[in-house]
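K.L.:
This is the structure, below, for whatever I ask next.
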Amino acid sequence: MRNEIIIEDVKHLVAEKLRNESTGHDWWHTLRVYNTAMDIAKAEQQGNPFVIALAALLHDVADHKFGYTDDDREDIITTILTPFEVGDSVIQAVVYIVNNMSFKQGKNKHVLTSIEGQIVQDADRLDAIGNIGIARAFAYGGHKDRPLYNPDRTEGEEGDTISHFYEKLLQLKDKMNTETGKQKALIRHQRMEQFLQDFYDEWDGK
C-alpha cells in the first residue's frame, strides 16, 4: 500500500513538472509509458514493479534533448525520491534506467542490464511508434521548425519529419528487449509503414 501511495504522489509531481510541455514528451506521454511498462511487466512476469513504475514516471523529467546531463537527471530524481524514503538502492536503480534508456540519435550503445530497465525502455520506444508515434513525430518536428517532408534534401541538410522515420522510428521494432515488447512493436511498425505509403501517395497527388 505504501508503494502505491508513493507512485500516486510521484504521478502528481511529474504531471505538474511537465504541465507546459508541448513537444510530445508531456505528462500524457509519461502516463502512456507508465501504463505500457506495467502491462509488459505483468505479461513478462519479471522485474520489480515499484522500480519499473518510478523509472517510467521519471524518465522524461530531465530529458537530454533539452540540455540536461546524466548528473542533472541523477540530482533531480534523487531530490524527488529522497523525501519518500524509498531507499538508495531504489533511487540508484531508477537513475541507472533513466540515464541509459534513451535512443540518443542511435548513438547510445549501452545495453540495459536490468529487466526493469529493459521493460521501461521498451515502453518508451513503443510510444515513439505506431499511430501515437506518428503524431508525436510531427508535434516534435513542428516544435523544431522542421518541414513535413523535403524530397530534395541533401546530405547534411537539416532533417524533415519524414526522414526521422528512417533515422529512428522504423529502427525501433528490432531494438525491443522483451517478447511482449516485440509483439506490440510489430503491430505499430506495420501501422507506420502503411502511413508512409499513404503519405507518399497523397504527396504525389494520387
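K.L.:
Put a dot 7 Å past each Cα toward the Cβ at A139 and L13; how far apart are the dots in nm?
P.N.:
Label at L13, label at A139, 2.4 nm between them.
K.L.:
Please give the Cα centre distance for the range 1-72 versus the range 161-206, rounded to the nearest Å.
P.N.:
24
K.L.:
When the chain is fully extended, how far beyond the present Cα-Cα distance does D198 get from S89, taking 0.36 nm per residue of separation?
P.N.:
Working: separation 109, 0.36 × 109 = 39.24 nm, distance 4.84 nm.
Difference between extended and current length: 34.4 nm.
K.L.:
Separate question: Give the calculated FRET efficiency between V111 and Y68 to the nearest 0.05, with a Förster radius of 25 Å applied to their Cβ-Cβ distance.
P.N.:
On the way: r = 22 Å, r/R0 = 0.89.
Approximately 0.65, to the nearest 0.05.
K.L.:
Moving to a separate point now. Could you check the spin-label model distance between K175 and N150? Points 7 Å from the Cα along Cα→Cβ, value in nm.
P.N.:
Using points 7 Å along Cα→Cβ, the separation is 2.3 nm.
K.L.:
Let me ask something additional. Please list 13-23, 143-153, 180-190, 48-58 highest first by mean number of surrounding beta-carbon atoms within 10 Å per residue.
P.N.:
On the way: 13-23: 14.1, 143-153: 12.3, 180-190: 17.6, 48-58: 24.1.
Per-residue Cβ counts within 10 Å, averaged per peptide and sorted highest first, yield 48-58, 180-190, 13-23, 143-153.
K.L.:
Would you please name the GluC sites (Glu not before Pro) within the range 116-199 that are DSSP coil residues with at most 15 other C-beta atoms within 10 Å of their C-beta? Write out the running numbers ahead of the final one.
P.N.:
Details: sites: E116, E155, E157, E158, E167, E179, E193; in loops: E155, E157, E158.
Those satisfying the criteria are E155, E157, E158.
K.L.:
Quick one: net charge around N20, please, counting Lys, Arg +1 and Asp, Glu -1 for every other residue with C-beta under 15 Å from its C-beta.
P.N.:
In short, -3.
K.L.:
With everything on Cα atoms, drop me the angle between helix 130-143 and the longest principal axis of the chain, reported from 0 to 90° to the nearest 10.
P.N.:
80
K.L.:
Between the helical axis of 2-17 and the dominant principal axis of the chain, each derived from Cα atoms, what acute angle in degrees is found, rounded to the nearest 10?
P.N.:
Once rounded, one gets 40 degrees.
K.L.:
Given a cut-off of 20 Å, name the pairs among K17/K175; K17/K182; K65/K182; K17/K173; K42/K182; K144/K173 whose C-alpha atoms lie farther apart than that in the structure shown.
P.N.:
Details: K17/K175 29 Å; K17/K182 31 Å; K65/K182 26 Å; K17/K173 30 Å; K42/K182 15 Å; K144/K173 25 Å.
K17/K175; K17/K182; K65/K182; K17/K173; K144/K173, as the Cα separations exceed 20 Å there.
Values quoted throughout were computed directly from the atomic coordinates according to the rules given, and no laboratory measurement underlies them. The structure displayed is predicted, hence computed values, not measured ones. Reconstructed Cβ throughout: ideal geometry from the backbone, glycine too, with neighbour counts over all protein chains shown.
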